[in-house]
Amino acid sequence: MLLEVRDLHVEFRTRDGVAKAVNGVDYGVDAGETLAVLGESGSGKSVTAQAIMGILDIPPGRITGGEILFQGKDLLKLKEEERRKVRGAEMAMIFQDALSSLNPVLSVGDQLGEMFVVHRGMSKKDARAKAVELMDRVRIPGAKERVKQYPHQFSGGMRQRIMIAMALALEPALIIADEPTTALDVTVQAQVMDLLAELQREYNMGLILITHDLGVVADVADRIAVMYAGRIVESAPVHDIYKAPAHPYTRGLLDSIPRLDQKGQELYAIKGLPPNLMNIPPGCAFNPRCPMAQDVCRTDVPPLYDVSEDRDSACHFWRECLNG
Ligand SMILES: Nc1ncnc2c1ncn2[C@@H]1O[C@H](COP(=O)(O)OP(=O)(O)OP(=O)(O)O)[C@@H](O)[C@H]1O
Ligand SMILES: [Mg+2]
């Protein structure tokens, strides 16, 4: 396994109390594989990604347990300097908002080139040529001329392509894309997503794709990990999940996708709200919202049950759920 997160715990100490944002996350991704991470707002998707990248806000954040094994090494045991070498060169992140991630006062060519100057010791001239090459790779028309331009001179979709180019520059083994297309128009979303998926295959990278968009997931992901209240509640190959979810929360998410063949019908929404992370309900965190909840769900935290060899569910009643 390229990356394996084991029993990761992260909390935030704030004036109002301790928010338990990540409560024992287990997931992994192989080279050449795409793992989609799904879950409502606040479920801990980004915080987990930040912990992997080593860019967590510490404090108020704190990693209170677990391991992050990357190419066999536990990243949490590395010194900051070693960690910095891994970041960028071996793993890179793509964010939702390119405008705030790119430097507004540097031309895109200088920003792309800097990667090669700093990490590969290239001359400015060679680095510039590399920048143009990368811009071609992510299909920015007129790369040779546009390499001198600044981020604000590009459209949202083109800026997102530049972020992809930055992430790819050093050919990392792993890319984490946190809602990479959310800020774009629907048609541009599909183009950017297709490009990312294509490059991921070509470079045989592991890709963790954090998204709200279940439509995208079906097309590009190999596996899905569903998060709820800072835990993985179901993890499975994409096709298995679409055939029959093994967790009522996954079912709720699937039922809330708009479907073209059911136009006009009211969209299903999971009732209730995500839990307060300072006061997560006992038992299964999803129990107050779950249509299948029984007494045991209000008292016993479900372990991750093996549904099959490559599939897990944290539901006491996964069998019943699977059988509809
Ligand atoms: N810097 C911070 N300070 C305090 N609490 C934080 C901080 N960052 C995250 N949290 C807490 O962690 C929780 C999980 O946040 P996270 O950003 O991982 O959610 P998410 O699943 O990525 O949601 P979204 O879909 O909205 O991006 C938040 O609800 C918040 O309580
Ligand atoms: Mg997020």
At R0 = 51 Å, FRET efficiency that the Cβ-Cβ distance of Asp222 and Val18 yields, to 0.05: 0.90
Rg from C-alpha atoms of the range 1-139, normalised by the globular rule of thumb 2.2 N^0.38 Å, equals 1.21
Rounded Å value of the spacing that divides the Cα centres of the range 110-176 and the range 179-204: 16
Percent of alpha carbon pairs in the chain separated by more than 29 Å? 40
Taking the chain as the reference, fit the longest principal axis to its C-alpha atoms, fit the long axis of helix 124-137 to the helix C-alpha atoms, and give the angle between the two in degrees, 0 to 90, nearest 10. 50
What trypsin sites (Lys or Arg not before Pro) in the range 68-118 are in a loop by DSSP, with at most 13 other Cβ atoms within 10 Å of the Cβ? Lys79
Please name which of Ala183, Asn323, Ala49 has its Cα lying farthest along the dipole of the chain towards the positive end, using unit charges on Cβ (Lys, Arg +1; Asp, Glu -1) and the Cα centre as origin. Ala183
Where nothing but the Cβ of Lys and Arg (+1) and of Asp and Glu (-1) is charged, how large is the charge dipole of the chain around its Cα centre, in debye to the nearest 20? 960
Relative to the longest principal Cα axis of the chain, at what angle does helix 156-168 sit, 0 to 90 degrees, rounded to 10? 90
What's the magnitude of the charge dipole for the range 191-232 around its Cα centre, counting Lys and Arg as +1 and Asp and Glu as -1 at the beta-carbon? Answer in Debye, nearest 20. 280
In 5 Å bins starting at zero, report the fraction of Cα pairs in the range 165-206 per bin as a rounded %. 5, 22, 32, 23, 13, 5
Two pseudo-spin positions, 7 Å from Cα along C-beta at His152 and at Lys79, lie apart in nanometres by 4.1
Return the distance in nm (one decimal) between the two label points of a simple spin-label model at Asp136 and Arg319, each offset 7 Å from Cα along Cα→Cβ. 6.0
Say a site is exposed when it is one of the GluC sites (Glu not before Pro), sits in a DSSP loop, and has at most 11 other Cβ atoms within 10 Å; what is then the longest site-free stretch of the chain? 1-265
At what distance in nm do the modelled label points of Ala269 and Arg298 sit from each other, each positioned 7 Å from its Cα along Cα→Cβ? 2.6
Alpha-carbon centroids, the range 1-31 and the range 226-251: separation in whole Å: 18
A chain fully extended from Thr187 to Glu171 at 0.36 nm per residue, minus the present Cα-Cα distance, gains in nm 3.0 nm
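Since every read-out is calculated from the coordinates, none of them should be taken as a lab result. Since this is a predicted model, take the numbers as computed values, not measurements. Quick reminder, even Gly has a Cβ in these numbers, built from the backbone with ideal geometry, and neighbours come from all protein chains shown.
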